[in-house]
Amino acid sequence: MIIELGHYALILAFAVSIVQTIVPLVGAQKGWADWMAAANPLASLQFVLIALSFGALTYAFVTSDFSVALVVNNSHTLKPMLYKISGVWGNHEGSLLLWVLIVALFGACAAWFGGNLPVSLQARVLAVQGSIGAAFLSFMLLTSNPFLRSAFPPFDGTDLNPLLQDPGLAFHPPFLYLGYVGLSMAFSFAVAALIEGKVDAAWGRWVRPWTLAAWVFLTIGIALGSWWAYYELGWGGFWFWDPVENASFMPWLFATALLHSAIVVEKRESLKAWTILLAILGFGFSLMGTFIVRSGVITSVHAFASDPERGVYILAIFAFFTGGALTLFALRGAALEAKGVFGLISRESALVLNNVLLAVSSFVVFVGTMWPLVSELAFGRVLSVGPPFFNAAFTPFMVALAVILPVGAILPWKRGNLRRALRSMWGVALLAISLGALTWVLQTGGSMLAPIGLALGVWLVAGTLKDLWMRGGRNGVTARLRRIARLPRADWGKALAHGGLGITIFAVAAMMGWATEDIRVATIGQSFEHGGYTITLTDVRREQGPNYVTSMAYVDIHRDGALVAQLNPEKRVYPAAGMPTTEAAIDYGFTRDLYLALGDPQDGGGWALRTYIKPFANWLWGGAIIMALGGLISLTDRRYRVAAGARKAPANATPAE
C-alpha cells in the first residue's frame, strides 16, 4: 500500500509541476496577481508530494520489501542499515528520484524565502523551476519508474554494488546533487530575467546566494567523491579524469565563474549578458553530466545506466532547456545593456579574465571527455583520452588563474594602477618564489611540479592575508586588527575560499610530485623498506563480515626500530553480488599518508601488496573543506541572503479576470 501511495504521489507531483509551469507564467505575462500567487503553494505542494514518494521508496529499502524490483536489484537483508538507506539513491531510478526531489526543494525554498522578490520575477522563476521538474518527472514515470513491482518476489535481493557500500558514497551523491541540481535555480533566474528583459544590480544580488549555495554543496560533493576514490578503490589516486568525475567538475568551474561574474553585475551593472550566459551554461553542463552518467554512451565506473533510449530522452531535455534558453538569450541579449564602464586595469577586468580562464578550462575538460565518443562516431577510431591530456591541457589555465587572483583581488573597481598593486604584493611574491626555489634545491632534483605548486599555494594564501591586512587601513596594528575583525562576512568568506584554493593547489602538486610507490609480492613474515619505513606482512586471515567475506592482512610498520602503525588492508568478496573490492588501509598523518592495498594471492605463494607514501594528502581535502567553509560564511552575510535587499513587489498587478 505504501508503495502505491508513493507512486501515486509521484504522478500527482507531475500534474502539479505542469500547472506550476503554466499558471504563474501566464499570470506574470498578463499581470494577474492571483495567478502569480499560485506559484508559491504549487512549488510547496510539488516538494511535499515528491518527498512523500521518496519516503515511500526509502521505506521499501529499509524494510527489504522485495516485491519492489528496484529493492531486489539493489539491496539485501544482511546489508547494514546505512547502506540500505543509501541504496535508495545508489541506482539510476532512485538517484533520479533524489534529483527531482532536490529540484523541487530549491523551488520550494524560493517560494518560502523569496517573499521580497518582485512578484512577477518570483512567479517566472518558479514556473521555470516547475518546468524542469515536469521534464524529469515525465522521464522518470515513462522510462525509469522506481516503483515497478517484481512479478515473483524473491526471498532476498542481489545486493547493492559493493563499491557503493561505503560511508563516503552514502553522503557523496546527495551533496553532489544539491550542487549541480542546485544550479537549476541560477538557470531559472536567468531565464526569468530574459523573459522580463531586465537584469540589474538587484538581480545580481538575488542570484548570488543560490549560486553560492550550489557551489558550496558541489565543492563538498566533489571532495567527498575524490576522498572515496582515494581510500576505497585501492589505486592510491584522488582524481582520474573519469568522464563522470568531469561531469561534476565542469559545472563547478562554471558556477565559480558565475559567482565572480555576478559580483560585477551587483557592484557595477556590467557583464550582464555574460552572467546570464554563464547561468545557462552552468546548468546546461549539469544536464550534460546527467546524460553522460545515465545514457551509457561513455563507459565509467560511476555510470548508473546504459540504456540508449533513456539517453535520447535526456538529450532531448538538454536540447529543450539549453537550446531554448540560448535562443531566448539570442533574442533578448540586446536588451542587457551594460551601464558600468571600467578601464583595462581594474577589478572588473581581473574578474573578466578569471571568468575566461574558468570557462575555457571547462570547455577543455568537455572536449577531452567527449572526444573519444566523437572520434568513434565520426572517424570509426576508438581513442582513449586520459590524465596526460587533461594534466597538460588543463593545468596552465589553473596556474594562470592562481597567478592573477591575489593581484585582481586588491585592484579597485572601475580603474586601477597595476604598478601600484604589484608594488604592494612584492613581499608576497618574494616569499612564494623563495620557498619554491628552496624546496626545489632541497629535493635534490626531480620534478618541478611540487616546488611550483608550493610557490603558487604560498602566493595565494599569503596574498589573501595581505589583502585582509590592507583592508585594515593604515592605522596602528591594534586598530587594523579591530577593523579586519569587523569586515563583512562575505570578505572573510572570500579570503577563506581563496586560501583554501591555495592549499588545495599545493597538496595536488605535492601528491603528484613527491608520492612514492612500491608494488611487490610479499610473503608472510617478510620485511621490506620503503621511504624510510620498514614494512612487515605478519599474517593474512580469512574473516566474515556482515554481508561479505574478507582476506584481511596484518601489516606492521616501523621507523628507526619504533612501531609507527599496524594496518589491515583487505580484499573483500560480496557473495550476493559476486564482486570483489579492495579496502585500502591508511595511516593518516599531517604531512604524509602511509597507504597499503592488498592484492590477490599469488601462485608461488605470497600476496600482491602495494605501498604508497602520499605527502600532504589530507591538505587536499582540508583545502576543499576550507573553500566550502568560506562559501558558507559568505552565505551568512546578510547582504547576500536570499532576496536580501530586494525591492518590494510592484503594486500594479491586477487580479485575473
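The values are calculated or read from the model by the stated rules, or taken from the named source; none is laboratory data. Fair warning: this is a prediction, and the values are worked out from it, not measured in the lab. Cβ atoms come from the backbone with ideal geometry, glycine included; neighbour counts cover every protein chain shown.
Observations
- Single condition ALA192 does not satisfy, out of (1) surrounded by 23 or more Cβ atoms within 10 Å (Cβ to Cβ); (2) among the small types (Gly, Ala, Ser); (3) under 12 Å from the mean Cα position of the chain (by Cα): (3)
- Subset of the stretch 439-465 that is over 18 Å from ILE505 (Cβ atoms) and not β-branched (Val, Ile, Thr) - its residue that is modelled with the highest pLDDT: LEU442
- Residue check, PHE47 hydrophobic (A, V, I, L, M, F, W, C), more than 21 Å from LEU163 (Cβ to Cβ), in contact with a helix residue (DSSP H, G or I) (Cβ under 9 Å, 6 or more places away or on another chain) and part of a loop (DSSP other than H, G, I, E, B): no
- Per the listing GLY473, GLY502, the residue uniquely outside the structural domain of ARG559 (by TED's automatic domain parsing) and at pLDDT 95 or above is GLY502.
- Scanning the stretch 509-524 for residues that are closer than 16 Å to PRO569 by Cα and either outside any strand (DSSP E or B) or free of Cβ contacts under 8 Å to residues at least 40 places away in the same chain (or both) returns THR523, ILE524.
- Within the stretch 97-117, residues that are within 27 Å of LEU148 (Cβ to Cβ) and modelled with pLDDT of 95 or more have Cβ atoms under 7 Å from residues that are surrounded by fewer than 19 Cβ atoms within 10 Å (Cβ to Cβ) and not basic (Lys, Arg) in these pairs: LEU101/ALA51, counting only partners at least 6 apart in sequence or on another chain.
- Residue, farthest from PRO575 (Cα to Cα), within the stretch 67-110, restricted to residues that are touching a Gly at 6+ places or on another chain (Cβ under 6 Å) and in a loop (DSSP other than H, G, I, E, B): VAL88
- Among (1) hydroxyl-bearing (Ser, Thr, Tyr); (2) surrounded by fewer than 18 Cβ atoms within 10 Å (Cβ to Cβ); (3) in the same structural domain as ILE222 (by TED's automatic domain parsing) - the single one SER150 does not satisfy: (3)
- When the stretch 176-200 is limited to residues that are small (Gly, Ala, Ser) and part of a loop (DSSP other than H, G, I, E, B), the one that is nearest to TRP252 (Cα to Cα) turns out to be GLY182.
- Checked against (1) of a type in the set (A, V, I, L, M, F, W, C); (2) surrounded by fewer than 18 Cβ atoms within 10 Å (Cβ to Cβ); (3) at positive phi, ALA608 meets all criteria but (3).
- Scope the stretch 389-420; condition under 18 Å from TRP252 (Cα atoms) and in contact with a Gly (Cβ under 6 Å, 6 or more places away or on another chain); matching residues: PHE390
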